[in-house]
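The block underneath contains the structure these notes are about, expressed in structure tokens.
The values are calculated or read from the model by the stated rules, or taken from the named source; none is laboratory data. Just so it is clear, the structure is predicted and the values come from calculations on it, not from any experiment. Methodologically, a virtual Cβ is constructed for each residue, glycine included, from the backbone with ideal geometry; neighbour enumeration extends over all protein chains shown.
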């Protein structure tokens, strides 16, 4: 029996599961108010190391494939008003963290952060620097759209201290770009990379997507070769999540042109083989990095983490999300800001934190979250280490481990106390993670395909 048919026997090709950038996942957050967030901020330890995520939800055009929380904008006024709200939120949060806390990581995401003008980029960065104590060695990463990012914006970001740029590519095939509503030429992308390098931005991430309409193995191989020609330090190879019930813009995509699950697996593995052949190391389930990259070093040392930005080597005590829909992770749990920009801005204008939803972590949540994170980061879990960290509550997992070993044999093994996915079983990682998700069993949220 072929490997593909064996994997099909696990239910991989029909299953829909979360991506597990948190546990529990965001659909299981409940309504809350800012008071709990206030308590969590006040409970941060002296000298806390902080990671800040700023969400810029605006786009000049809405790409049809994207399921992120974004909105189109044609006038500058809404963006300017939003920046004012962000600055006010920065001041509120900075006043609530320990005075000796340090910001060790900053990430601007979206949406399109580079929709900001050079003046707005400088103003927002200066406001952060005035409000928080920024660590001199901090990483400052920004998501870049080459179609709206000229040399003036790159220069402004470099002056603001950007150290890493993340470029969305998806696929370079013009037919696929037309089918997903995102036209971005190889020349535009290469020119953006050239300007980034010229301004001293040494670290570059690139995103490529498999499972897009009309995508073929020879086609994704050609796009992958062009991505390799840009020499990124890291690459994320994401599977397209077709969720038109959650992202209405995806209804513009012809579902009949989408590859089926077995074809998606072939696309993913074709691109992966090229990255590995070019000297990149496989990290987790969908990232690749050159050996000298910090994320590769973190993965080798077992320090790689998974959060709402994907895989990271961020070891901060708290991740604080700013902006509409942004999610924070405190030692006590998750807090998500109001998702609509109007509701978010209204709360900030009223002098309140913008928290609308969240989840306080229980001990069992932490246990299951730790297992899922290590499985998706390392493709293995040290079960005795979990038992040492969580005590008797870890025994809850033993019957589930036994059932998982039976269900996913021969792809999932247990030896010397380690639950391990074999290399051939890597495509099952999210499905195995879902096996340990206690909320998924009683939830009603719909998810994307497991491959």
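Of all residues in the range 277-286, at least one satisfies being without any contact (Cβ under 8 Å) to a residue 24 or more places away in the chain and in a loop (DSSP other than H, G, I, E, B). The single residue among 438, 389 that is in contact with a helix residue (DSSP H, G or I) (Cβ under 8 Å, 6 or more places away or on another chain) and loosely packed, with under 14 Cβ neighbours inside 10 Å turns out to be 389. Tell me yes or no: at least one residue of the range 245-259 is touching a strand residue (DSSP E or B) at 6+ places or on another chain (Cβ under 8 Å), under 19 Å from residue 112 (Cβ atoms) and not in a strand (DSSP E or B). So far as the range 245-259 goes, no, none of its residues is touching a strand residue (DSSP E or B) at 6+ places or on another chain (Cβ under 8 Å), under 19 Å from residue 112 (Cβ atoms) and not in a strand (DSSP E or B). Say whether the condition of being touching a strand residue (DSSP E or B) at 6+ places or on another chain (Cβ under 7 Å), touching a residue at least 24 places away in the same chain (Cβ under 8 Å), surrounded by fewer than 16 Cβ atoms within 10 Å (Cβ to Cβ) and not assigned by TED's automatic domain parsing to the domain that holds residue 90 is met by at least one residue in the range 408-423. Checking the range 408-423: at least one residue is touching a strand residue (DSSP E or B) at 6+ places or on another chain (Cβ under 7 Å), touching a residue at least 24 places away in the same chain (Cβ under 8 Å), surrounded by fewer than 16 Cβ atoms within 10 Å (Cβ to Cβ) and not assigned by TED's automatic domain parsing to the domain that holds residue 90.
Across the range 26-63, which residue is farthest from the chain's Cα centre (by Cα) among those that are assigned to a loop (DSSP other than H, G, I, E, B) and at pLDDT 95 or above? Quick ask: steps written out before the conclusion?
Of all residues in the range 26-63, those assigned to a loop (DSSP other than H, G, I, E, B) come to 29, 32-33, 43-48, 57, 60-63.
This time we only want the ones that are at pLDDT 95 or above, so: 29, 43-48.
Details: 29: 18, 43: 26, 44: 24, 45: 26, 46: 28, 47: 26, 48: 23 Å.
Filtering the range 26-63 for residues that are assigned to a loop (DSSP other than H, G, I, E, B) and at pLDDT 95 or above, the one farthest from the chain's Cα centre (by Cα) comes out as 46.
The requirement of being surrounded by 14 or more Cβ atoms within 10 Å (Cβ to Cβ), outside the structural domain of residue 281 (by TED's automatic domain parsing) and under 20 Å from residue 369 (Cβ atoms) is satisfied by residue 428.
Okay, residues lined up against (1) touching a strand residue (DSSP E or B) at 6+ places or on another chain (Cβ under 9 Å); (2) surrounded by fewer than 22 Cβ atoms within 10 Å (Cβ to Cβ):
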position: 283; (1), (2): yes, no
position: 288; (1), (2): yes, no
position: 303; (1), (2): no, yes
position: 320; (1), (2): yes, no
position: 323; (1), (2): yes, no
position: 343; (1), (2): yes, yes
position: 360; (1), (2): yes, yes
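Per-residue answers, yes or no, for (1) in contact with a helix residue (DSSP H, G or I) (Cβ under 6 Å, 6 or more places away or on another chain); (2) in the same structural domain as residue 330 (by TED's automatic domain parsing); (3) on the phi < 0 side of the Ramachandran plot:
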residue: 11; (1), (2), (3): no, no, no
residue: 38; (1), (2), (3): no, yes, yes
residue: 47; (1), (2), (3): no, yes, no
residue: 64; (1), (2), (3): yes, yes, yes
residue: 77; (1), (2), (3): no, yes, yes
residue: 87; (1), (2), (3): yes, yes, yes
residue: 102; (1), (2), (3): no, yes, yes
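Of the residues 165, 178, the single one that is in contact with a strand residue (DSSP E or B) (Cβ under 8 Å, 6 or more places away or on another chain), more than 19 Å from residue 90 (Cβ to Cβ) and assigned by TED's automatic domain parsing to the domain that holds residue 231 is 165. Residues satisfying the criterion are present in the range 109-130 (criterion: within 18 Å of residue 327 (Cα to Cα), in contact (Cβ under 8 Å) with a residue 40 or more places away in the chain, assigned by TED's automatic domain parsing to the domain that holds residue 48 and assigned to a strand (DSSP E or B)).
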